[in-house]
Amino acid sequence: MTEKRALLGPVAVVFASAHTGSWRLVRPVVDRLKCKICNICQKFCPTDVVEIRGEKSDRELVFDLNYCKGCGICADVCPTDAIAMVPERKQS
């Protein structure tokens, strides 16, 4: 018997090749003094673009702006108000 697989949505290769971050009007900026690296923004991000990098005292929050759509959920759920949504600026 042959196994059939259904394609349930776009595959990662297709998603990775489309830089959807160019759609946004605002982008997240982190205030490192306020950020406690609590991981809440990462859990709520619908596009999984939040990453925590570094070791222990050197950890920082990084957004993959190639794919961030600027929805602002990360800023809304941040308990310390460490994330601000700032307007995108066109490079000329």
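Things worth noting here:
- Treating each Cα of segment 32-81 as an identical point scatterer and summing with the Debye formula, the log10 of I(q)/I(0) at q = 0.25 Å⁻¹ comes to -1.00.
- Cα lying deepest toward the dipole's positive end in segment 32-81, options Val49, Cys35, Ala75, charges on Cβ: Cys35
- Here the dipole of segment 32-81 is about 140 debye; that uses its Cα centre as origin and unit charges on the Cβ of Lys and Arg (positive) and Asp and Glu (negative).
Readers should treat all values here as calculations from the given coordinates under stated rules, not as data from a laboratory. Please read all numbers here as calculations on a predicted model, not as lab measurements. Backbone-built Cβ (ideal geometry, glycine too); neighbour counts: all protein chains shown.
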